[in-house]
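The values are calculated or read from the model by the stated rules, or taken from the named source; none is laboratory data. What you see is a predicted model, and the numbers here were worked out from it, not measured in a lab. In this analysis, Cβ positions are derived from the backbone assuming ideal geometry, glycine residues included, and neighbour counts consider all displayed protein chains.
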Amino acid sequence: MIEPIGYKLNPNKLKKAPQSILPYVVGAFYYTEDFEYFDVIKPYLDIPEKPKTLEEISQEFDEKIDKQVEDVEYKFAQLKYYQEYQFSKKITKIIEDIEYAKEHGQFPVRLTVGDLYCSNVGMSSTVDWSTEFRIGTDEVGYWDIKPNIKVYLKKKPNRVVRYFTKLLLDFTWKDV
């Protein structure tokens, strides 16, 4: 509030006002609370908010801190539960392996293929997995795509195609 005059009319708020407000605001830019139609034009005035007291600010800050502490405690409780569960699973698996070793004289053999883990497979050698795509029976060669894919073709690509395919995609051409 401007002390001697009153509250200032806000032109941006007034742009959105209906035309029925116009007769109440014509002729003045500042309005006091004792104006007859003050309640009608109040939404279109710049009325500053009452500043918060130090107690209110302190209380809001304490509430925010308490909420963050609760969130962190909850997340730590979740993490603790998850870690205890994982630890329990691993200990159980170790105990099962020890019991197997006592019974059979050796620990169980495990096979891993890449990131895939296959437990208790009864073979000790590794298996070579590969995928082949064939068009017919009269192929002249194949693209060797790392790590284990072969694509057979009936026609050999020209030298430029082979060079740039090797350079850009790391596909190697091999004749049959």
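What to note about this one:
- Restricting region 44-62 to residues that are surrounded by 10 or more Cβ atoms within 10 Å (Cβ to Cβ) and assigned to a helix (DSSP H, G or I), the residue that is modelled with the lowest pLDDT: Tyr44
- Residue count for region 136-176, restricted to those that are assigned to a loop (DSSP other than H, G, I, E, B), touching a strand residue (DSSP E or B) at 6+ places or on another chain (Cβ under 6 Å) and surrounded by 11 or more Cβ atoms within 10 Å (Cβ to Cβ): 2.
- Contact map, region 156-176: first residue farther than 15 Å from Asp144 by Cβ and basic (Lys, Arg), second residue at pLDDT 90 or above and exposed (fewer than 13 other Cβ atoms within 10 Å of the Cβ), Cβ cut-off under 6 Å, separation 6 or more or different chains; the map is empty.
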